[in-house]
1. Looking at 85, 129, 111, 77, can you tell me which residue is β-branched (Val, Ile, Thr) and more than 24 Å from residue 228 (Cβ to Cβ)?
2. Out of 196, 230, report the one residue that is of a type outside the set (Phe, Trp, Tyr) and either modelled with pLDDT under 95 or surrounded by fewer than 16 Cβ atoms within 10 Å (Cβ to Cβ) (or both).
3. Please determine, by comparing only the residues of the range 43-60 that are part of a loop (DSSP other than H, G, I, E, B) and touching a Leu at 6+ places or on another chain (Cβ under 8 Å), which one is farthest from ligand 2 (Cβ to nearest atom).
4. Taking the criterion of being more than 12 Å from ligand 2 (Cβ to nearest atom), among the small types (Gly, Ala, Ser) and under 16 Å from the mean Cα position of the chain (by Cα), would at least one residue in the range 8-18 satisfy it?
5. Taking residue 116 as meeting all but one of (1) modelled with pLDDT of 95 or more; (2) away from ligand 1 (no atom under 13 Å from the Cβ); (3) surrounded by 14 or more Cβ atoms within 10 Å (Cβ to Cβ), write down the number of the exception.
6. Looking at residue 173, is it at pLDDT 95 or above and either hydroxyl-bearing (Ser, Thr, Tyr) or farther than 21 Å from residue 269 by Cα (or both)?
7. Please give the helices (runs of 4 or more DSSP H) falling wholly within the range 142-242 in which 1 or more residues are hydrophobic (A, V, I, L, M, F, W, C) and more than 13 Å from ligand 1 (Cβ to nearest atom).
8. How about the range 268-301: which of its residues are in contact with a helix residue (DSSP H, G or I) (Cβ under 9 Å, 6 or more places away or on another chain), more than 17 Å from residue 149 (Cβ to Cβ) and not aliphatic (A, V, I, L, M)?
Amino acid sequence: ARKIIIDTDPGQDDAVAILLALASPEEIDVLGLTCVAGNVPLDLTAKNARIICELAGRSDLPVFAGCDRPLGRDLVTAEHVHGKTGLDGPDLPDPVMPLQDRHAVDFIIDTLREQPAGTVTLCPLGPLTNIATALQRAPDIAGKIRGIVLMGGAYFEVGNITPAAEFNIYVDPQAAEIVFKCGAPIVVMPLDVTHKALVTAARNDAFRALGTPAGIAVAQMTDFFERFDKAKYGSAGAPLHDPCVTAYLIRPDLFSGRHVNVEIETTSELTMGMTVADWWGVTGRAPNAFFVGDLDAAGFFGLLTERLARL
Ligand code: BDR
Ligand code: CA
């Protein structure tokens, strides 16, 4: 199984991404969850991550709290999407499992140094503050990363928090710039693909019909989470942004994209956090990321439903 660290700001869609990983031990070995401030402040993301571990029956998993604010900007949160708790929808019990004492950034650095080089994949599902801080503090880890598979950015779909930027990149553009320049192989799940991973009513009924605590909780999270995108974009349902990352690790054949050069806007207030992806190869700049543009939605939801049934 591929060893991963999930860096996350749960977030209903983060929660589904984590559940999918934990339900897939043959393909994915989750070494730990590192939490970051994003959708809601850090104390809530660190709490929500543990709620999800317990829902999956994995109170043994180490969960770490990381950076509580972006590198150089004030924290922007997304309660308007995810609710006050960040995980509004289901009524899940407060976690009993502990938060680890070690800082998330130290866990990321230590793990990449301890494990054989080229074996650990980082899976960021929120702002890139923890990953960038680790790279800044320990530049030697860049060459040890097997790959970074992240949710963030947009090309044709442009933005969801501003007209020009996607939330995860917008919250910490400086961090994103450090990550995109680090030299490790990067796979990006931008809004262009995640807006095709829509939970329609029939797909949500399939989650609910599993009748398990995880299946029911996912359906309830979606019931809450879909309001925003339905009202704002007239979408058919909630986009499962972050689960695209963990689904890619299991079934990369469900996704297609291009190796492109991606630069991050870090100075213009108007387009702050924009992912300037050279989709048409007009700049001659070397590709630094595999930018995904499409997925087999039926295959994706089939996989997700089958795996959630295992929890
Ligand atoms: C991203 O922002 C958050 O609201 C979601 O959890 C996802 O990671 C989508 O723009
Ligand atoms: Ca997220």
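The values are calculated or read from the model by the stated rules, or taken from the named source; none is laboratory data. Keep in mind that what you see is a predicted model, and the values were worked out from it rather than measured. Neighbour counts are summed over all protein chains in view; Cβ atoms, including those assigned to glycine, are modelled from backbone coordinates with ideal geometry.
1. Going through 85, 129, 111, 77 in turn, just one is β-branched (Val, Ile, Thr) and more than 24 Å from residue 228 (Cβ to Cβ): 111.
2. 230
3. Only one residue fits best here, namely 57.
4. no
5. For residue 116, the exception is condition (3).
6. no
7. It comes to 173-180, 201-209, 213-233.
8. Residues satisfying the conditions are 273, 296, 299, 301.
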